[in-house]
Amino acid sequence: MRGIVPSLNTPFGADGAIDEAAVARLTERSIASGAVGLLIIAVAGEQASLSRAEKDRVVRTVVETAAGRIPVVASVTSPDVAESEALARLAREAKADGVCCQVPSGLSGAGLARAFARIAAAGPDLLMIQDLDWAGPGLPVAEIVSLFEALPGFRCLKVESVPAGPKYTSVLEATGGRLHVSGGWAVMQMPDALARGVHAFMPTTMDTIYVAIYSAWRRGDTEAARALFERLLPIVAFSNQHIDVSIRFFKRLRQAEGLFATDLCRVPKALDPVQDSECGRMIKRALDLQARVVDGTIWKELGHA
């Protein structure tokens, strides 16, 4: 998974139930955009609001729709390690390619290793650890290395700590580049991460734009990648002001794209009138930028035809 691995929103119908047809449409669109993997029912997917049965339906729908074309990683994060273990088992039964789990609160050292060992044993072969700390450094690098050496299934790390950049470098150097490292919430620093050799990025939408940035950088056209990223940055700055804003904005964008029937959310707070107005402006900007990336006119505008 070297490239863009979207962390997908969970679509709901007007009745509040999961819209499985929209889940399938979203999966197809993500694959068509050039995504190299999918992360599902994670924070962006409002995992805390989903029942175990709902999570199972989403995983099965995505896996069946993807049909082996790209890997599918299901989040199994829960405050209860036993529940994470049960969700990992469901993911394996649904034939997901891997599971992702946040670092359980209050655990470290041997206790943390035992918890992840249980989750890894219950799930598919691949374990991704989500190092999420909204305001701090997250899991110590030494502990990450220890887990990497102790758990054969632990092959991917999603870094979402502050600051992310130096941590990317420290983890990659400490594991000799053998641990797959991806960036999530810190996508606003995407050029910094690309320069550090991060393997993948996990935005929620605008896959086509992110794929274009990543591809330009990988082929050596770093200035084109930076120029396109700078066109995207105002949208990301708006969406990333808070996770609630992010989920609401991206669901509205998916609705505007015709993928979701509604922008219904279960968890996030509503936008206030000023945010709501800005949200509309940023959606128009995102749709326009995506269209120009698809038809190739953006490169002429940026002087990289």
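The values are calculated or read from the model by the stated rules, or taken from the named source; none is laboratory data. Since the structure is predicted, the reported quantities are computational estimates derived from the model, not experimental observations. Cβ coordinates were reconstructed from backbone atoms using ideal geometry, including for glycine residues, and neighbour counts include every protein chain displayed. Note: accessible area is taken over every heavy atom of the protein model, side chains too, but ligands, DNA and RNA are not part of it. Shrake-Rupley method; radii C 1.70, N 1.55, O 1.52, S 1.80 Å.
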*Express in nm, to one decimal, how much length is gained between Val267 and Arg218 on full extension, taking 0.36 nm for each residue of separation and deducting their alpha carbon distance.*
13.9 nm
*Can you give the relative contact order of the chain as a percent, counting alpha carbon pairs under 8 Å and 6+ residues apart?*
18
*How far apart, in nm, are two points set 7 Å out from the Cα along the Cα-to-Cβ line at Glu173 and at Thr297?*
4.6
*asked:* With viscosity set to 1.567 mPa s at 4 °C, what whole-number translational diffusion coefficient in µm²/s follows for region 230-289 from Stokes-Einstein and a Kirkwood radius over Cα pairs?
replied: 112
*What accessible surface, in Å², does a 1.4 Å probe find on Glu143, ignoring ligands, DNA and RNA and rounding to the nearest 10?*
40
*How big is the gap, in Å, between the Cα center of region 74-95 and the Cα center of region 129-168?*
20
*Once amide H atoms are built 1.01 Å from N in the peptide plane, which residues 5 or more positions from Leu126, or in another chain, come under 5 Å H to H?*
Val99
*Please list the non-local residues whose amide H lies under 5 Å from the amide H of Thr204, H modeled 1.01 Å from N, same-chain partners needing a gap of 5 or more.*
Ser7
*Longest segment of the chain lacking trypsin sites (Lys or Arg not before Pro) that sit in a DSSP loop with at most 15 other Cβ atoms within 10 Å*: 96-177
*asked:* Apply the Karplus curve 6.51 cos²θ - 1.76 cosθ + 1.60, θ = phi - 60°, to the phi angles in region 222-238 and return the couplings in whole Hz, x for Gly and Pro.
replied: 5, 5, 5, 4, 5, 5, 5, 4, 5, 6, 7, 4, x, 5, 5, 4, 5
*asked:* With θ taken as phi - 60° and the coefficients 6.51, -1.76 and 1.60, list the Karplus ³J(HN,Hα) couplings across region 19-24 in order, rounded to whole Hz; mark glycine and proline as x.
replied: 8, 5, 5, 5, 4, 5
*Measure out, as a whole number of angstrom, how far apart the alpha-carbon centroids of region 277-305 and region 217-259 sit.*
10
*Which FRET efficiency value, to the nearest 0.05, do you get for Arg52 and Asp244 by plugging their Cβ-Cβ distance into 1/(1 + (r/R0)^6) with R0 = 35 Å?*
0.90
_chymotrypsin sites (Phe, Trp or Tyr not before Pro) within region 117-175, DSSP loop, no more than 12 other Cβ atoms inside 10 Å_ = Trp134
